[in-house]
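The values are calculated or read from the model by the stated rules, or taken from the named source; none is laboratory data. Predicted, not measured: the structure shown is a model, and the values here were computed from it. Neighbour counts are summed over all protein chains in view; Cβ atoms, including those assigned to glycine, are modelled from backbone coordinates with ideal geometry.
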Amino acid sequence: MIGFSVSGLFQGTLSANEHLFGNPISEIRVQGNRKTRSDLIIVWSELKIGQILSRDILNLARQNILDIELFKQISVEAESEDGRVIVNIILEEKYFTLVLPTLRRNTDGDVKVGLRLKAHNLIGANQTLSAVVEKADLSTGDTSRRYRISYELPQYTNPYEYHFSVGQSTTHTEDAGFFNVVYEDFFSVSIKRDWYTSFTSEPLTLTTSAFYQDIDLREPYPPALNELEAGRFNRLGLKLEYDAVHHEKYRRYGRYYSLTYQQGLESLGSDYRSNIIELDARHYYRINSLDNFNSRVFAGYAHDAPFDEHYYEIGSADTLRGLERESFSGDVLVFTNLEYIKGFGKYPSFRISLFVDIGNVYDNLNEVDFSDLRTSIGLGIRWKIASFVQTDLFIDWAYDTETGESKAYGGTSFNF
């Protein structure tokens, strides 16, 4: 009910602004931001001094800020002050730090316990710190400990965005009687630029990236295990994307397409000349004021995959649910997720999901066979915690139609 009242208030504000439409904006003010930098909020709004005020301009500014996902409520209104047009951006921020104990158990008998930290909007600049500490007891009798930390540092200089990410993970495993330690260090830098066209409602975005990834197997990791190869996979990447996905308080709508290419380069110190190409298409369709139909189609190919491992796996909440964990692997992956989301007017943060996953993974391109696809069906529960950033609790149950087995999944973010 809160969401509807805010929407009504906003529409009323627009009506009150109408007598100012057609005049240039003289000043932009930001209110209610306890932590977030005002200059960044103005950048995200895409409002500019001298811009001619209109209903569409105010609507777009509000949606642009909402899509950043840092604020619970937003209104954008105009007023006249000494003959000047002042635009006021009024916000209510979310909580930016969330620490969650994690307990995961799947139907294979694997148990993982740990602690997860997600700190958004550090120093008010949309920087993100992520950290995971996790211990696992696997049904195979093996154990593992995992530590992972990463930092995302975006910088905004229209029409460019600069992103820096650095992190490290340490995994201790007991496998075949050996106690092994796998260290992974990674660093990436990327530059994004928007290209506005006359034939799309949103800009096309081109991202150029450089990645450093190093995996080190510390002794006594035995070569006899033959599961992983130490080395560096340093690469350049290009990504072309069209992102027309927008956010409401409890759901998303719109569409997204991307084409990604990555190339390992020995000149950058890489041990692998792997190349990876991926296509991703997602649609979020509003059936009515409460319900959604969401879909995703993904295809990926890795040539000469790094670290002597297959690049793709299925059997997870991110690909095909209902299968054994990481039960199939290969260097070609194709799948689609289809999902109907049912909302409830009295409890808008809770939703029920019915889904179908279809796809498979293949060793190489020559073995791709679209008559050989796995299918799973299932249902789930979604809980949108609107007071925290990007926090969507879910529990899914999926049934593999080929084997008759079922699996359960849980997490704190969208599947896609």
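Filter segment 354-380 down to the residues that are farther than 16 Å from residue 329 by Cβ and either among the aromatic types (Phe, Trp, Tyr) or in a helix (DSSP H, G or I) (or both), then identify the one that is modelled with the highest pLDDT.
355
I need the full set of residues from segment 191-220 which are of a type in the set (A, V, I, L, M, F, W, C) and either under 23 Å from residue 158 (Cα atoms) or modelled with pLDDT of 90 or more (or both), in order please. Break it down stepwise before answering.
The first filter runs over segment 191-220 and keeps only residues of a type in the set (A, V, I, L, M, F, W, C), leaving 191, 195, 199, 204, 206, 210-211, 215, 217.
Correct list: 191, 195, 199, 204, 206, 210, 211.
Please state which one of 340, 312 is of a type in the set (Ser, Thr, Tyr) and either more than 30 Å from residue 215 (Cβ to Cβ) or over 20 Å from the mean Cα position of the chain (by Cα) (or both). It would help to see each step written out before you state the result.
Values: 312 fails: either more than 30 Å from residue 215 (Cβ to Cβ) or over 20 Å from the mean Cα position of the chain (by Cα) (or both).
After applying the criteria, what remains is 340.
Just checking, how many residues over segment 335-353 are outside any strand (DSSP E or B) and within 10 Å of residue 384 (Cβ to Cβ)? Please lay out each step first, then the result.
First pass over segment 335-353, keeping only residues outside any strand (DSSP E or B): 344-349.
Imposing the further condition that a residue be within 10 Å of residue 384 (Cβ to Cβ) reduces the set to 348-349.
Residues meeting the conditions: 2.
Any idea which residue in segment 221-243 is modelled with the lowest pLDDT, counting only those that are in a strand (DSSP E or B) and in contact with a Phe, Trp or Tyr (Cβ under 7 Å, 6 or more places away or on another chain)?
231
Over 22 Å from residue 397 (Cα atoms), in contact with a strand residue (DSSP E or B) (Cβ under 9 Å, 6 or more places away or on another chain), surrounded by fewer than 18 Cβ atoms within 10 Å (Cβ to Cβ) and at pLDDT 95 or above: is that true of residue 271 in this structure?
Numbers: over 22 Å from residue 397 (Cα atoms): yes; in contact with a strand residue (DSSP E or B) (Cβ under 9 Å, 6 or more places away or on another chain): yes; surrounded by fewer than 18 Cβ atoms within 10 Å (Cβ to Cβ): yes; at pLDDT 95 or above: no.
Judged against the criteria, residue 271 is not a match.
Inspect segment 76-98 for any residue being among the aromatic types (Phe, Trp, Tyr), part of a loop (DSSP other than H, G, I, E, B), buried (at least 18 other Cβ atoms within 10 Å of the Cβ) and within 22 Å of the chain's Cα centre (by Cα) and give the result as yes or no.
Taking segment 76-98 as the starting set, the residues that turn out to be among the aromatic types (Phe, Trp, Tyr) are 95-96.
Among the residues that remain, those that are also part of a loop (DSSP other than H, G, I, E, B) are: 96.
Keeping just the survivors that are buried (at least 18 other Cβ atoms within 10 Å of the Cβ) gives 96.
Right, trim to within 22 Å of the chain's Cα centre (by Cα) and you get 96.
Checking segment 76-98: at least one residue is among the aromatic types (Phe, Trp, Tyr), part of a loop (DSSP other than H, G, I, E, B), buried (at least 18 other Cβ atoms within 10 Å of the Cβ) and within 22 Å of the chain's Cα centre (by Cα).
Could you please let me know if residue 279 is among the hydrophobic types (A, V, I, L, M, F, W, C), assigned to a loop (DSSP other than H, G, I, E, B) and surrounded by 14 or more Cβ atoms within 10 Å (Cβ to Cβ)?
Working: among the hydrophobic types (A, V, I, L, M, F, W, C): yes; assigned to a loop (DSSP other than H, G, I, E, B): no; surrounded by 14 or more Cβ atoms within 10 Å (Cβ to Cβ): yes.
No, not satisfied.
Say we look at segment 401-416 and pick out the residues that are outside any strand (DSSP E or B) and polar (S, T, N, Q); which of these is farthest from residue 318 (Cα to Cα)?
Of all residues in segment 401-416, those outside any strand (DSSP E or B) come to 401-405, 412-416.
Imposing the further condition that a residue be polar (S, T, N, Q) reduces the set to 401, 403, 412-413, 415.
Values: 401: 18, 403: 20, 412: 12, 413: 11, 415: 6 Å.
My answer is 403.
Please work out which residue is surrounded by the fewest Cβ atoms within 10 Å (Cβ to Cβ), limiting yourself to segment 256-267 and to residues that are in contact (Cβ under 8 Å) with a residue 24 or more places away in the chain and in contact with a Lys or Arg (Cβ under 7 Å, 6 or more places away or on another chain). I'd like the intermediate steps shown before the answer.
Within segment 256-267, the first condition is being in contact (Cβ under 8 Å) with a residue 24 or more places away in the chain, and the residues that meet it are 256-257, 261-265.
Remaining after also requiring in contact with a Lys or Arg (Cβ under 7 Å, 6 or more places away or on another chain): 256, 262-265.
Numbers: 256: 18, 262: 18, 263: 16, 264: 23, 265: 14.
Across segment 256-267, the extreme among qualifying residues is 265.
Criterion first (under 25 Å from residue 317 (Cβ atoms), modelled with pLDDT of 85 or more, under 18 Å from the mean Cα position of the chain (by Cα) and assigned by the TED database to the domain that holds residue 399) does residue 116 satisfy it?
On the way: under 25 Å from residue 317 (Cβ atoms): yes; modelled with pLDDT of 85 or more: yes; under 18 Å from the mean Cα position of the chain (by Cα): yes; assigned by the TED database to the domain that holds residue 399: yes.
It is true that residue 116 is under 25 Å from residue 317 (Cβ atoms), modelled with pLDDT of 85 or more, under 18 Å from the mean Cα position of the chain (by Cα) and assigned by the TED database to the domain that holds residue 399.
Being more than 23 Å from residue 249 (Cβ to Cβ), part of a loop (DSSP other than H, G, I, E, B) and under 31 Å from the mean Cα position of the chain (by Cα) narrows it down to one of 48, 35, so name that one. Can you show your working first?
On the way: 35 fails: more than 23 Å from residue 249 (Cβ to Cβ).
Answer to the check: 48.
For segment 357-374, check the following and say yes or no: at least one residue is closer than 22 Å to residue 285 by Cα and hydroxyl-bearing (Ser, Thr, Tyr).
no
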